[in-house]
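Peer 1: My questions all concern the structure below.
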Amino acid sequence: MAKTKILGLMSGTSADGLSIALCGAEGEKLEVLKFSNYPYPAALQARIIAAKDMKTPELSALNFELGRLWAGMVRKFCRAHKVPYKSIAVIGSHGQTVWHAPGNKGHTLQIGEASFIAEETGRPVVCDFRPADMAAGGEGAPLIPFMDEYLFGSGCPTALQNIGGVGNIAFVGKGVKTFGFDTGPGNSLMDTAVAELSGGKLSYDRNGAWAAAGEPDLRKVYELLELPFFRRRPPKSLDRSEFTLAFIKKHFAGSFSAKCSRDLLASLNLFTAASIALAFKSFAPRNTRELIVSGGGALNPVLMDNIAALLLPSGVRVRSCAELGLHPLAKEPACFALLAWLALEGRVNHCPSATGARAPRVLGKIIPGRL
Ligand SMILES: Nc1ncnc2c1ncn2[C@@H]1O[C@H](COP(=O)(O)OP(=O)(O)O)[C@@H](O)[C@H]1O
Ligand SMILES: [Mg+2]
């Protein structure tokens, strides 16, 4: 059977750029064939992060601006990798989350008008995956555990941790009823601190260099792990707006200065790692011995070392999905390619045990391609 080519787009809560993955799907197998990441200019990133406070005309304009921008990035991607549009069966776009409020009477908003991608390519595009889950009583996130189960569901119990703006974990494997939840901050606290302390010149702690040069405030880190979110039972999900500059200023008032920037980053890095280790230790099914990390956080060696050191006493092996041949930024776009492909075929692309929805659904809204 020939591989079906499917394309996925992801712009995460970090608003750092658009990740695009071209995948080959065959039976139950999924393989990333090509991957590129297209960073946003700092001014656009700042506007996206501020979008939650925009007035309607501005938000409407940003919706279309992102749609046009992404259509151009898809064009660039397909030219660079020599992928004819007609070879693509379907395109999945998660969209840019500007608001996510799960819970009773919850609501969510992803923007980046997908009609522009359909217009550019002529291919069917599937977008807006979260609302159908929320309409069915789910938290609208996380959606990735569906792919984790698809890929790792028949092997030994495994934990999959993505570290984007927020962190999320999924547990899958033989004998495990797949579930997942947001673990807490991902890169967001570290990114916010670096952006603020560098006066907007830097957007993240590249390779964890600041954190590596500082001393963490252990007492504070362990105190923060007592926050109610970490104790709540899953399903649970978070928005980037929960871990903001205000959070850092409130809890690290003493070290929020250029002079202490290395120590602050060391603390935020350790806190992020510790929230992930705590999630694993609190909720991993027995016999889970491995944590596979994806997302931009997997590219931060200090964060990876912190997580590994915290889980070592439990005998858990921590590794990047890069070791499995998957670029850490390719996993999420690959997931939305998969969800789109299944949606177009009318097959379930949803893991209700991860989101709390009442039953499996086919998620996504389909924009038909041109004949
Ligand atoms: N070399 C690196 N060193 C440290 N952090 C990195 C590196 N590359 C990426 N990151 C982090 O990853 C983040 C982007 O991760 P990503 O998975 O794209 O998140 P999201 O899904 O929220 O967009 C960046 O904001 C940055 O914090
Ligand atoms: Mg990103």
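Just so it is clear, none of the values below were taken in a lab; they were calculated from the coordinates. Computed from a prediction, not measured in an experiment: that's the story for all the values here. In this analysis, Cβ positions are derived from the backbone assuming ideal geometry, glycine residues included, and neighbour counts consider all displayed protein chains.
Peer 1: Just check the range 145-324 against the gyration tensor rule for me: Cα atoms, a ≥ b ≥ c as the square roots of the eigenvalues, rounded for a/c under 1.5, and otherwise prolate or oblate depending on whether a/b exceeds b/c. Show your work: numbers first, answer last.
Peer 2: Numbers: a/c = 1.98, a/b = 1.79, b/c = 1.10.
Prolate.
Peer 1: I would also like to ask the following. Going by Cα centres, the range 162-185 and the range 303-350 are how many Å apart?
Peer 2: Between the Cα centre of the range 162-185 and that of the range 303-350, the gap is 9 Å.
Peer 1: Between 0 and 90 degrees, rounded to the nearest ten: what's the tilt of helix 261-283 against the longest Cα principal axis of the chain?
Peer 2: 70 degrees
Peer 1: So, one more: Give the cross-link partners of Lys29 among the lysines, using a straight C-alpha distance below 28 Å as the criterion and excluding same-chain residues fewer than 8 apart.
Peer 2: Lys3, Lys5, Lys76, Lys82, Lys86, Lys174, Lys177, Lys331, Lys365
Peer 1: For Lys34, which sequence-distant residues (separation of 5 or more, or a different chain) have an amide H within less than 5 Å of its own amide H, given hydrogens modelled in the peptide plane?
Peer 2: Leu22
Peer 1: In addition: If one computes P(r) from the Cα atoms of the chain, what percent of pairs lie at distances over 37 Å?
Peer 2: Working: 10332 of 68635 pairs.
For the chain, the share of Cα pairs beyond 37 Å comes to 15 percent.
Peer 1: Straight-line reach from Lys249: which aspartates and glutamates have Cα under 16 Å away, leaving out those fewer than 8 places along the same chain?
Peer 2: Asp191, Glu196, Asp217, Glu223, Asp263
Peer 1: Please report the net charge: other residues with Cβ closer than 12 Å to the Cβ of Gly72, K and R +1, D and E -1. Write out the running numbers ahead of the final one.
Peer 2: Working: positive: Arg68, Arg75, Lys76, Arg79; negative: Glu65, Glu119, Glu120.
That works out to +1.
Peer 1: Fewest Cβ neighbours within 10 Å first, please rank His107, His251, His350 accordingly.
Peer 2: Working: His107 13, His251 20, His350 26.
Ordered by Cβ neighbours within 10 Å, fewest first: His107, His251, His350.
Peer 1: Could you give me the ³J(HN,Hα) list for the range 198-207, computed from phi with Karplus coefficients 6.51, -1.76, 1.60 and θ = phi - 60°, whole Hz, x at Gly and Pro?
Peer 2: 9, x, x, 6, 10, 10, 7, 8, 4, 6
Peer 1: Among His327, His100, rank each residue by its count of other Cβ atoms within 10 Å, from fewest to most, as a rough exposure measure.
Peer 2: Details: His327 20, His100 23.
Fewest to most other Cβ atoms nearby, the residues stand as His327, His100.
Peer 1: Around Val90, with a cut-off of 11 angstrom between Cβ atoms, what is the net charge of the other residues, counting Lys and Arg +1 and Asp and Glu -1? The partial results should precede the final answer.
Peer 2: Values: positive: Lys5, Arg123; negative: Glu345.
Its environment carries a net charge of +1.
Peer 1: If you don't mind, another one. For the chain, what relative contact order do you get, as a whole percent, if you take Cα pairs closer than 8 Å and at least 6 residues apart?
Peer 2: Working: 817 pairs, mean separation 85.6, N = 371.
Answer for the chain is 23 percent.
Peer 1: Excluding Gly8 itself, what net charge comes from residues whose Cβ is under 13 Å from its Cβ, given Lys and Arg +1 and Asp and Glu -1? Provide the component values of the computation, followed by the final result.
Peer 2: Values: positive: Lys5, Lys34, Arg123, Lys331; negative: Glu31, Glu332.
Every neighbour counted, the sum reads +2.
Peer 1: If you don't mind, there's one more thing I want to ask. Name the residues of the range 26-49 whose amide N is less than 19 Å from a point 7 angstrom out from the Cα of Arg347 along the C-beta direction?
Peer 2: From the range 26-49, the list is 26-33.
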